[in-house]
1. Identify, among TRP105, VAL118, TYR67, the residue whose Cα sits farthest towards the positive end of the charge dipole of region 47-129, taking +1 on the Cβ of Lys and Arg and -1 on the Cβ of Asp and Glu, with the dipole about the Cα centre.
2. Which whole-Hz ³J(HN,Hα) couplings does region 39-46 yield from phi under the Karplus relation 6.51 cos²θ - 1.76 cosθ + 1.60, θ = phi - 60°, glycine and proline marked x?
3. If we restrict to alpha carbons, what Rg and Dmax does region 25-139 come to, in Å?
4. Enumerate the calculated ³J(HN,Hα) couplings along region 113-127 in order (Karplus 6.51 cos²θ - 1.76 cosθ + 1.60, θ = phi - 60°), each rounded to whole Hz, writing x wherever the residue is Gly or Pro.
Amino acid sequence: MSEAVVPAGRLPDGQVSDAESRAVGKFLRRMLPILVLMLLVNQMDRTNVGFVQDELRADVGVSATAYGLGAGLFFIGYALFEVPSNMLLERFGARVWLTRIMITWGLVIVTMCFIHNVTMFYVLRFLLGVAEAGFFPGVLLYFTQWLPDSSRGRASAIFLGGSATAYIVTGPITGALLECTGRADSPAGAGCSRWRASSRSSSDSWPGSSWSPASRTRAG
């Protein structure tokens, strides 16, 4: 049986060039940590609302029924805009669109500091879902554009590990923020749920602002 002939300049299947190996290594070192941090903050945003139900009732008057509806509105907004968001990511590129996602959801969290009625809680929960829509599948699409099949599974596993880490750290961080109730260094007149939202917003927007300049260095 004759051996398969590999065209000049092309490596056999399963092998990568030195340049491609360096590009993949640079991506894993420079970009993957930022993406994991983004996922960490994303998961914290989704789970933190469960810790502040009592504070929302005390500060804003959100009943248990209103809280449940508001929590569900987040996923309605996320589901409705997930596909359009990924279509726009394909058009504008991951650097621009993932930066937009992080910054806009940070701005929505900032606005939650000013919630004063149930309707505003509903609207902002829906807008938070819209702002976050497309983040997770967008990152996976980004992996397909930068990484070969042989490296994509490793990157995806590391990325998904950020979700498990979020569940570990969310409780202690949120508990520490909830301790702001009655503290002298809390902003005057601000309820605990609003103080926590203000603290969270900075962590939401920071990875987005870091992502933009960091990703200008292509992994090539």
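The numbers here are math on the coordinates, done by the rules we state, and not lab data. Worth saying up front: this structure is predicted, and the values here are computed from it rather than measured. Using ideal geometry, Cβ is built from the backbone for each residue, glycine included, and neighbour counts are taken over all protein chains shown.
1. Ranked along the dipole, the leading option is TRP105.
2. Listing the rounded values in order: 5, 4, 5, 4, 5, 5, 4, 6 Hz.
3. So, for region 25-139, Rg and Dmax equal 15.4, 51 Å respectively.
4. 5, 10, 4, 10, 7, 5, 4, 5, 4, 4, 4, 6, 5, 5, 5
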